[in-house]
There are 4 protein chains.
Amino acid sequence: MKIGFVGLGSMGAAIAMNLVESGHEVHVFNRTPARAEPLRAAGAHVAASPAHAAESADVVFTMVADDAAHAAVTFGEAGIAGALRPGALHISMSTISVAAAQDQATRYREAGLAFVSAPVFGRPDAAAARKLFIMAAGEDAHLTVAVPLLEQLGQSVGIVGTDPSQANLVKLIGNFMLSAIIETLGEACAVAGKAGIDPMRLVELLTSANFNAPPYKIYGSLIASQQFQPPGFSLPLGQKDNRLMLVAAEALGVPMPLASLVRDRFLTLRSQGIGAAHDWSAVALCALSDAGMSKPAHLRT
Amino acid sequence: MKIGFVGLGSMGAAIAMNLVESGHEVHVFNRTPARAEPLRAAGAHVAASPAHAAESADVVFTMVADDAAHAAVTFGEAGIAGALRPGALHISMSTISVAAAQDQATRYREAGLAFVSAPVFGRPDAAAARKLFIMAAGEDAHLTVAVPLLEQLGQSVGIVGTDPSQANLVKLIGNFMLSAIIETLGEACAVAGKAGIDPMRLVELLTSANFNAPPYKIYGSLIASQQFQPPGFSLPLGQKDNRLMLVAAEALGVPMPLASLVRDRFLTLRSQGIGAAHDWSAVALCALSDAGMSKPAHLRT
Amino acid sequence: MKIGFVGLGSMGAAIAMNLVESGHEVHVFNRTPARAEPLRAAGAHVAASPAHAAESADVVFTMVADDAAHAAVTFGEAGIAGALRPGALHISMSTISVAAAQDQATRYREAGLAFVSAPVFGRPDAAAARKLFIMAAGEDAHLTVAVPLLEQLGQSVGIVGTDPSQANLVKLIGNFMLSAIIETLGEACAVAGKAGIDPMRLVELLTSANFNAPPYKIYGSLIASQQFQPPGFSLPLGQKDNRLMLVAAEALGVPMPLASLVRDRFLTLRSQGIGAAHDWSAVALCALSDAGMSKPAHLRT
Amino acid sequence: MKIGFVGLGSMGAAIAMNLVESGHEVHVFNRTPARAEPLRAAGAHVAASPAHAAESADVVFTMVADDAAHAAVTFGEAGIAGALRPGALHISMSTISVAAAQDQATRYREAGLAFVSAPVFGRPDAAAARKLFIMAAGEDAHLTVAVPLLEQLGQSVGIVGTDPSQANLVKLIGNFMLSAIIETLGEACAVAGKAGIDPMRLVELLTSANFNAPPYKIYGSLIASQQFQPPGFSLPLGQKDNRLMLVAAEALGVPMPLASLVRDRFLTLRSQGIGAAHDWSAVALCALSDAGMSKPAHLRT
């Protein structure tokens, strides 16, 4: 299949490489061209713009950082929407806002273009290993094309519904749930530590019992050891997703006090100088610091 | 081994039965005598008081509802502490307060009695199936006796430390973490539902991805379907453990804003008439009701 | 002085009338023309557009509902900015966002136009009685013109600083502080009422002691009697200001957990069907309802 | 009138002195005898125990630090309750728990003793100047005796009801409302300060407008200048009252999320080493510190 791929960050590059290795003809584009070189070496074509990547493709994937980048590559100058052939499919894997996905769905429908939202759970190593959990939503006819491709890229593809933005909402909900685990572990490790129980031992005990899901293990280890660098998923990206969750919930009329609590944690950390160099699990630093179990974030070295 | 067992609620009865079936000589006591009859039929001896259950035992287990019941059977009239032989071991499996466990540890040490705290994670069906996760703490010499017995009763025994009350704290932390999952799922299902995503589908999607720990599955299903009756673990018991968690954290100087949020949920539900007839996962009703996704608790039928 | 006045809601109409009565030549505009008739009867000129109201004025006032309305009358078609004479002054009394004020300050400076932000505290009756508390910010030369005029319209004019948007921030902070009083009174009346103390008696006792500021008296009486209709300041307007406060705080990197709590109260009420027909003091209904002291908002009649 | 007075802390000493100066025969007792000397010099009799202060009195006042001290001087060895003449009146001005007042009311009624709760709002200087706001509750016959005396000690006496503990609840509610003002001002000063508005200027602007109650002025000035030493009302005492408020609210079934927020602030500060040397307005340090507007409490010098 002839595929365009726009956005070669650590996630996008790993996914695009898998598409190349699966034998597709892949035309890649990245704003910073150097990141396209490993793909070129593997057999991909390097396009000069999103439009060039899209113009002859059956399917175009995008995996970019935020709404602004998504709007730029989709509807900006030399963007995808203006170049796609009638009937061609755009699969957006980015974690963008519900509103942005709704807007694109409307515009694509009016333009006779196909659109599937397919955000993912998993870090770059999972992307490389085709172990992503993918949430997909879109019209049935579009999913019929998208799902077989997505199944080549992850360990499961969950169908959320016919409205593409629903997949984005589920992704935001998932990240909200991860942030809740981080906050929970922060408070748990603080109380354990002050009672003389090694937080790492606490995490071992609990993840050997009922709390055996991967996030408890991964974040529990980071939080118990207060190892928030280097970032696996950076704090500003986590803050962005928290913001998108709260905006979506507000539009739906849903109070989310736990998400609001996490929101304030992010703001506190940012005001203390914690940013892109830290993993978002540093949210747990607030609970640890408030309990006197850690220096405040900005005073750690 | 000669074993006393005090407290034959749904958890205690299942555990005591397993001890009988493992071939121990078990002397049981329960405040309401009728609950001892199935044990008697299986070969247990029925004692007339905690003291009688304890007086010739090598090990006495207790599994009672709260601090008051624990104090009554341990230090009250015809209680265990006054009857135990020197060197005999008391294993407390109840979810009691950290302070109560600390007090008992001090008094037993002074009296030359052995004490291990061994609270459990798991519901009555898990107790019956010897699938409990058991957290144990106590002096090494006491654990040497306790652990082989406990291993007959659960799927794992985690050693927390040498201070018995630390096991109680870990148990409270575990229940706090479960309550955090319940609140998280309440907010998640509210936002999904108002976006037109069936909450049950949301739970399926997420528990098929990273959120694959049993609590997400069990509570996710209850919350998505708003089925909070009959109780597996009743709301007032959940509220009691939340209170014990906050008291322990306050004594340690640890703010736990997420536990405070859950505390207010319990108070709201109790003021709306929700109580022992409901499972503690009804905490999620608050988020659902605030979003207009459910009638408030007291107006449901 | 020759004055333009745009926006004749209940606040704007009262202020404009005072300007007419003070002897100024006032050219008024309102989107719904009928609201201008009482002003015409009092001697004002009725303009056909914001531009017409502004074109020959020394000073133009605006008092409109939100950022969108402000942008429309200022920078929209036939807007003020395109019609103002060089050196003429625009005094914005609307509660708009900090960002909108910052944007206007930049654009007016570039265009050689004068801009003072002067939002007010007080309800329509206070506006009519020239009892408003006015917060003003702008360059000194602009304040020199604005302050004497503003002093004709309120009981005090506080100078915030030289950056117009700072007055908007102070206004948002003031409304945040009012919302905190409302939440406080809701919780206080709930606990008093359940202890058998008439909430109205509680309010009398406290406002006769240290809590003798007008907001405690006004909102205390409304909340104790659960009289939230008709609105003095409507719930959606209060929600809008809460949102603007949180957006401004987020931009500044300031967590405001109390404002976040109030935010969730607004969302809860909106999801229960409470809206423009209710006063924003209905925020207190959440605390009352959670305590079982009131029916939830949507079930009251 | 023959009066006993137990508890000569800074509040009690000032009140007792006023009673002496009003011409009453006052028998004082304080655990630390040296504090009684200024009263002796002014004409008071110094008693050797609470019982001695009470035994021939028509009315006994108590003003002590907490429930434990209150129980000791009332029901302990050589306590008031065992010494009071039949029909004599005990006026408790201490901020004790609702439960303690309820317990005393029951025991005094059974013993044929009179009991009025009369906690106060005001600091030592207000006590000395007879400017206290006093909340009184008790049976009508007891209030008939108490109120004329209390009117000699403050600027107003508010009658709460016939159940003494209701006055204690109103006192706790009042302190809750003060703590809400402190938190509000902390968040307000943080956001103003980061926007370049001097927090002291913010406080001036707002207290010159609608927020003109004394607590806004007093605490606003302390918080804007971050002057939390020496204490007017010490942080641990504020924390104690917050705890009593939450306990009373929990017993009544009332969630108070704003009080819970303040509770966590106290815990954070205590874990950072802030204690009796600081005023309770230091609660605002949390908001200031989270915004990066102050060093965390324990790192200030």
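Descriptive notes on the structure:
- Test: residue in the range D:284-294 that is hydrophobic (A, V, I, L, M, F, W, C) and not in a helix (DSSP H, G or I): yes
- When the range C:34-51 is filtered for residues that are open to solvent by 50 Å² or more (accessible area, probe 1.4 Å) and touching a His at 6+ places or on another chain (Cβ under 6 Å), only C:His45 remains.
- Every residue from the range C:1-19 that is farther than 21 Å from C:Phe121 by Cα and either of a type outside the set (Gly, Ala, Ser) or over 22 Å from the mean Cα position of the chain (by Cα) (or both): C:Met1, C:Lys2, C:Ile3
- Condition check for A:Ala276: under 24 Å from B:Leu252 (Cβ atoms) and either surrounded by 24 or more Cβ atoms within 10 Å (Cβ to Cβ) or not basic (Lys, Arg) (or both): no
- Check on A:Leu178, in a helix (DSSP H, G or I) and in the same structural domain as A:Ser22 (by TED's automatic domain parsing): no
- Index of the failed condition, A:Asp67 passing every other in (1) of a type in the set (Asp, Glu); (2) within 18 Å of the chain's Cα centre (by Cα); (3) more than 29 Å from B:Asn210 (Cβ to Cβ): (3)
- Boolean, A:Val191 is closer than 29 Å to A:Ala100 by Cβ and at the interface with chain B (Cβ under 7 Å from one of its Cβ atoms): no
- Selection from the range C:260-273 of residues that are open to solvent by 10 Å² or more (accessible area, probe 1.4 Å) and touching a residue at least 40 places away in the same chain (Cβ under 8 Å): C:Leu261, C:Arg265
- All strands (runs of 3 or more DSSP E) inside the range B:52-170 with 3 or more residues being open to solvent by 30 Å² or more (accessible area, probe 1.4 Å): B:154-161
- Some residue of the range B:184-196 being in contact (Cβ under 8 Å) with a residue 24 or more places away in the chain, of a type outside the set (Lys, Arg), surrounded by fewer than 24 Cβ atoms within 10 Å (Cβ to Cβ) and not assigned by TED's automatic domain parsing to the domain that holds B:Arg107: yes
- Selection of the range C:208-218 for residues being free of Cβ contacts under 8 Å to residues at least 24 places away in the same chain and over 14 Å from D:Val160 (Cβ atoms) yields C:Asn210, C:Phe211, C:Asn212, C:Ala213, C:Pro214, C:Lys217, C:Ile218.
- Of everything in the range C:279-295 that is closer than 12 Å to C:Gly193 by Cα and more than 9 Å from chain B (Cβ to nearest Cβ), the residue that is surrounded by the fewest Cβ atoms within 10 Å (Cβ to Cβ) is C:Ser294.
- Tally, over the range C:1-33, of residues that are open to solvent by 50 Å² or more (accessible area, probe 1.4 Å) and in a strand (DSSP E or B): 2
- The one condition in (1) among the polar types (S, T, N, Q); (2) without any contact (Cβ under 8 Å) to a residue 60 or more places away in the chain; (3) more than 19 Å from D:Gly174 (Cβ to Cβ) that C:Ser221 fails to fulfil: (3)
Yes/no per residue for (1) farther than 22 Å from A:Ala249 by Cβ; (2) touching a residue at least 40 places away in the same chain (Cβ under 8 Å):
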{"site": "A:Asp66", "(1), (2)": "no, yes"}
{"site": "A:Ala72", "(1), (2)": "yes, no"}
{"site": "A:Phe75", "(1), (2)": "yes, no"}
{"site": "A:Ala83", "(1), (2)": "yes, no"}
{"site": "A:Leu89", "(1), (2)": "yes, yes"}
{"site": "A:Val98", "(1), (2)": "no, yes"}
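- Just one of (1) at pLDDT 95 or above; (2) within 22 Å of the chain's Cα centre (by Cα); (3) closer than 27 Å to A:Lys240 by Cα fails for A:Ser49. It is (2).
- Residues satisfying the criterion are present in the range A:129-143 (criterion: among the small types (Gly, Ala, Ser), more than 27 Å from A:Ser281 (Cα to Cα) and under 17 Å from the mean Cα position of the chain (by Cα)).
- Some residue of the range A:128-146 being within 25 Å of A:Ala48 (Cβ to Cβ), in contact (Cβ under 8 Å) with a residue 24 or more places away in the chain and of a type outside the set (S, T, N, Q): no
- In the set B:Val254, B:Val247, B:Val262, only one residue is in contact with a Phe, Trp or Tyr (Cβ under 9 Å, 6 or more places away or on another chain), among the β-branched types (Val, Ile, Thr) and modelled with pLDDT of 95 or more; that residue is B:Val262.
- Search result, residues across the range A:200-259 that are surrounded by fewer than 19 Cβ atoms within 10 Å (Cβ to Cβ), within 13 Å of chain B (Cβ to nearest Cβ) and in a loop (DSSP other than H, G, I, E, B): A:Ser208, A:Asn212, A:Phe233
The values are calculated or read from the model by the stated rules, or taken from the named source; none is laboratory data. What you are looking at is a predicted structure, and each value in this text was computed from that prediction instead of being measured. Methodologically, a virtual Cβ is constructed for each residue, glycine included, from the backbone with ideal geometry; neighbour enumeration extends over all protein chains shown. Heads up: the accessible areas ignore ligands, DNA and RNA and are worked out on the full protein's heavy atoms, side chains in. Shrake-Rupley method; radii C 1.70, N 1.55, O 1.52, S 1.80 Å.
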